[in-house]
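No lab work stands behind these numbers, since they all come straight from the coordinates. Quick caveat, the model's predicted, so the values are computed rather than measured. Glycine also receives a Cβ, built like all others from the backbone with ideal geometry; neighbour counts cover every protein chain displayed.
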Amino acid sequence: MKLARKDLLGLEGVAREEIELILNTAGTFKEVLQRKIPKVPTLRGKTAVNLFFEASTRTRVSFELAEKRLSADSVSIAKAMSSAEKGETLLDTVRNLQAMKIDFLIIRHPASGAPHFLASRLDAAVINAGDGAHEHPTQGLLDLFTVRERFGSFEGLRIVIVGDVLHSRVARSNVFGLRTVGARVTLCGPRTFLPKGIEALGVEIETDVDRAIEGADVVMVLRIQKERQDGCFLPTLREYAVLFGINRKRADRLKPGCLIMHPGPINRGVEIEPEVADGPRSVILDQVTNGVAVRMAVIYLLSGGEVEHGVVG
Ligand code: CP
């Protein structure tokens with residue numbers, strides 16, 4: 001099977017078969033990553049550029065590792081070290097990268113839609129590594145991979161996403177992905193953090209966190225995005241921690257087997273208490289581990305790579 005698309009810009013509109021193909025391929029690459037030499041020659045001769053206009057630890061490093069594990073040549077640029085600082089436009093920047101014959105552009109940008117704008121203007125495959133409050137598709141995929149790895153399927157699962165949904169590209173990608181694969185999704189947070197009309201995406205809404213997490217199979221905790229709080233969304237972080245934070249008391253009431261997830265970076269003591277983030281239910285670092293395999297799968301499949309009976313070609 002092949003992925004019949006040039007770019008990965010979001011999980012909205014990505015079919016269930018495509019998501020399953022990516023997750024199955026990631027499973028194969030996860031096995032590669034456990035070998036003594038965790039590397040395959042698959043993308044020798046291909047070039048990837050990671051262009052980050054916002055800070056990142058997990059996404060940027062895991063894309064870089066994914067490219068290296070696939071034997072692609074890889075270059076990373078942060079805005080502060082690029083000619084964008086001298087006023088060069090985004091389109092000029094990427095046209096210059098394209099002139100150097102790149103095959104993949106992985107971009108993180110504060111403007112929603114920036115990867116879409118570039119995708120139609122470039123020959124290179126564009127992968128959205130997070131655009132504003134819009135989407136973060138590879139985070140959504142690695143979250144789905146982590147859930148499926150633990151439960152075997154999405155059948156009958158109820159997943160609760162708690163926090164700053166309004167500003168969260170992670171939440172949006174997870175909603176699109178999880179609904180497509182058939183999971184039940186509840187969004188929970190203060191009213192100011194729940195976008196109007198979000199129910200139209202097939203999710204349930206709950207403003208009481210204790211009611212929301214009762215009986216949940218997975219609690220995904222979102223980061224309070226201090227850098228995007230330019231309105232009056234929250235009285236104080238302390239009040240948020242009391243009313244919505246996933247603390248020890250709340251974690252103790254979760255049903256057996258319920259997983260705690262967080263995309264990172266964590267505001268310890270705000271949306272999640274350290275002992276919960278580091279506790280037995282937490283799969284937060286598994287999410288990070290899985291990110292490399294999932295990003296290898298996305299890059300491999302966008303390069304035209306095929307998978308036959310679970311074997312990459
Ligand atoms: N989850 C995530 O996108 O983390 P980074 O901002 O560190 O990449």
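Taking the DSSP beta bridges with both ends in segment 156-313, the antiparallel portion is around 10 percent. Sequence-ordered 3J(HN,Hα) estimates for segment 39-54 from the Karplus curve with 6.51, -1.76 and 1.60 and θ = phi - 60° stand at 8, 10, x, 3, 10, 4, x, 9, 10, 10, 10, 9, 10, 10, 9, 9 Hz, glycine and proline given as x.
Filter the chain for me: DSSP H helices, axial length by Cα at least 18 angstrom, mean Kyte-Doolittle hydropathy not below 0.0. List them by residue number.
Details: long enough: 16-33 (25 Å, 0.08); 137-151 (21 Å, -0.11); 284-302 (27 Å, 1.33).
Span-like helices here: 16-33, 284-302.
Can you find, among 203, 34, 9, the residue sitting farthest towards the positive end of the charge dipole of the chain, where Lys and Arg contribute +1 and Asp and Glu -1 at Cβ? After comparing all options, I get 34. Label zone of residue 44 (point 7 Å out along Cα→Cβ, amide N under 16 Å): in segment 65-89 this covers 68-74. Here the sum of -39500 (n - 2.57) over DSSP H runs of 4 or more residues, divided by the residues of the chain, equals -11000 deg cm²/dmol at 222 nm, to the nearest 500. So how far apart, in nm, are the two label points at residue 191 and residue 4 if each is 7 Å from Cα heading toward Cβ? Reported label-point gap for residue 191 and residue 4 is 4.6 nm. Which net charge results when you count Lys and Arg as +1 and Asp and Glu as -1 among the other residues whose beta-carbon is under 14 Å from that of residue 128? Surrounding charge for residue 128 is +2. Taking the DSSP bridge list for the chain and keeping only pairs wholly inside it, about 10 percent are antiparallel. Pairs exceeding 27 Å between alpha-carbon atoms, taken from 68/226; 6/101; 6/36; 46/79: 68/226; 6/36.
Taking the Cα centre of segment 161-311 as reference, the dipole from Cβ charges on Lys and Arg (+1) and Asp and Glu (-1) amounts to some 240 debye. Across every direction, the projection of the convex hull enclosing the Cα atoms of segment 273-313 has a mean area of 4.0 nm². Anyone know which of 128, 174, 247 comes out most mobile in the 10 Å Cα GNM of the chain? Residue with maximal mean-square fluctuation among 128, 174, 247: 247. Net charge dipole, segment 203-257: roughly 300 debye, given to the nearest 20, about the Cα centre with Cβ charges of +1 for Lys and Arg and -1 for Asp and Glu. Take the Cα of residue 116, step 7 Å toward its Cβ, do the same at residue 243, and the gap between the two points is 3.2 nm. Charged side chains reduced to their Cβ positions (Lys and Arg at +1, Asp and Glu at -1) give the chain a dipole of some 500 debye around its Cα centre.
Residues 116, 136, arranged from fewest to most other Cβ atoms within 10 angstrom of their Cβ, appear as 116, 136. What the Cα atoms of the chain give is an Rg and a Dmax of 19.2, 56 Å. Stretching residue 85 away from residue 210 to a fully extended chain increases their span by 40.4 nm, per 0.36 nm per residue minus the current alpha-carbon distance.
Computed on the Cα trace of segment 27-106, the radius of gyration divided by the Kirkwood hydrodynamic radius gives Rg/Rh = 1.04. Calculated FRET efficiency, residue 75 and residue 201, Cβ-Cβ r, R0 41 Å, to nearest 0.05? Here the calculated transfer efficiency is 0.65.
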